[in-house]
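Beneath this line is the structure, given in structure tokens, with notes to follow.
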Amino acid sequence: MIEFFAEYGLFLLKAVTIVGAIVVVVGTVAAASRKATMQEGLEIEHLNKKYQTLASALKQAILKKADRKAQVKADKVKAKAEAKSADTRPRSFVIDFKGDLKATAVASLREEVSAILEVAGPDDQVIVRLENHGGIVHEHGLATSQLVRIRDQGIPLLISVDKVAASGGYLMACVANRLIAAPFAILGSIGVIAQLPNFNRMLDEHGIDFEMITAGKHKRNVTIFGKNTDEDRAKLKEELEDVHSLFKDVVGRYRQDLDLEKVATGEHWYGTRALELGLADELKTSDELLAELARDRDLYRVSYKIRQPLQKRILASVDALLEKADAARWRRHFESRLPRS
């Protein structure tokens, strides 16, 4: 009985902590919502102008007075020349995709892709700056399908990975016509995983029965409360193997020179090694890539902002807390295997 009350007290403490966290989140979101604008839609940023503004600000700070005047003149001449060639210079449309377990950024991605496909010409290209650890299969499958739309339209798709494109993130990345990775970016993890706790023995110890009624032999196999059988585990394993096969099919379709038997093991590699294995095409950071392209092309960052109702934002914020906890677990998993410098 004492053990029961101890466990109940621990449960109550956890519940109070969660409720307190939710209250804090609600207050934070409510405060942020008062400051946020009510507008939703497409935002465009001309990156060439941004780079020029940054460079001009630095030059104004370090040049002598006479040199500053000369530089202002030179900048005006350059701006006029670029304005004249604006209609003939090819364009690069830049999309930023930062993934989470549910690939929630796909809601914006589909709008960004739709907008670009309406205006992109044969000389244009799309660059996706991707950071994604992977997550739920069907969510990342939908995100991948959005990128496939670009390729199917015949528009060159470049994907740049500075940090990580693993598992579902690599499912997205492999669609690129050209995949560019930073030297220490993490790529790969072509595998599928399912893990869950099982509380059946704990329930038995406290005299609690768990019943589950289903219609259909395989409506549910492995559960967290019921007693799992070898048949249940085998069925789940079969389903995971099927998803893994679909994953490999997509990778093999878009990166035909890959040795899938060698790389589709669930392992991940750094950019340099990923290049050797054929998981990437070039080693370069996104900053280097855009700086090079800006010399001959007009770069436009395209971003679709979605305005969500307060209730959804609160739920999203609570979900984000859980995402952070899972991301921390993911980082610990990988960092425990990474060498220290």
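The values are calculated or read from the model by the stated rules, or taken from the named source; none is laboratory data. Predicted model, so just to flag it, every value in this text is computed and none were measured. We place every Cβ from the backbone using ideal geometry, glycine too, and count neighbours over all the protein chains shown.
Here is a yes/no grid of residues against (1) closer than 21 Å to Ser286 by Cα; (2) in contact with a Lys or Arg (Cβ under 6 Å, 6 or more places away or on another chain); (3) at pLDDT 80 or above:
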residue: Gly41; (1), (2), (3): no, no, yes
residue: Leu63; (1), (2), (3): no, no, no
residue: Lys69; (1), (2), (3): no, no, no
residue: Ala79; (1), (2), (3): no, no, no
residue: Glu82; (1), (2), (3): no, no, no
residue: Lys98; (1), (2), (3): yes, no, yes
residue: Leu101; (1), (2), (3): no, no, yes
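When every residue of the stretch 275-287 is checked against the conditions, at least one turns out to be in contact with a Lys or Arg (Cβ under 6 Å, 6 or more places away or on another chain), at pLDDT 95 or above and part of a helix (DSSP H, G or I). In the stretch 227-236, which residues are surrounded by 14 or more Cβ atoms within 10 Å (Cβ to Cβ) and touching a residue at least 12 places away in the same chain (Cβ under 8 Å)? If the condition is that a residue be surrounded by 14 or more Cβ atoms within 10 Å (Cβ to Cβ) and touching a residue at least 12 places away in the same chain (Cβ under 8 Å), then Asn228, Lys235, Leu236 are the ones that fit.
For beta carbons closer than 6 Å, sequence separation of 6+ or different chains, a first residue in the stretch 101-119 that is in contact (Cβ under 8 Å) with a residue 24 or more places away in the chain and a second that is of a type in the set (Ser, Thr, Tyr), the qualifying pairs are Ser108/Tyr304; Glu111/Tyr304; Glu112/Tyr304. Does Val137 count as touching a residue at least 40 places away in the same chain (Cβ under 8 Å), closer than 12 Å to Phe97 by Cβ, touching a helix residue (DSSP H, G or I) at 6+ places or on another chain (Cβ under 7 Å) and of a type in the set (A, V, I, L, M, F, W, C)? Taking the combined requirement at face value, the residue does not satisfy it. Note on the stretch 237-277: residues that are among the small types (Gly, Ala, Ser) and loosely packed, with under 15 Cβ neighbours inside 10 Å total 3. The stretch 161-271 holds strands (runs of 3 or more DSSP E) entirely within its bounds, and those carrying 1 or more residues that are more than 19 Å from His140 (Cβ to Cβ) map to 178-181, 268-270.
Residue-by-condition table, conditions (1) outside any helix (DSSP H, G or I); (2) within 30 Å of Lys217 (Cα to Cα); (3) at pLDDT 95 or above:
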| position | (1), (2), (3) |
| --- | --- |
| Arg295 | yes, no, no |
| Arg301 | yes, no, yes |
| Ala325 | no, no, no |
| Pro339 | yes, no, no |
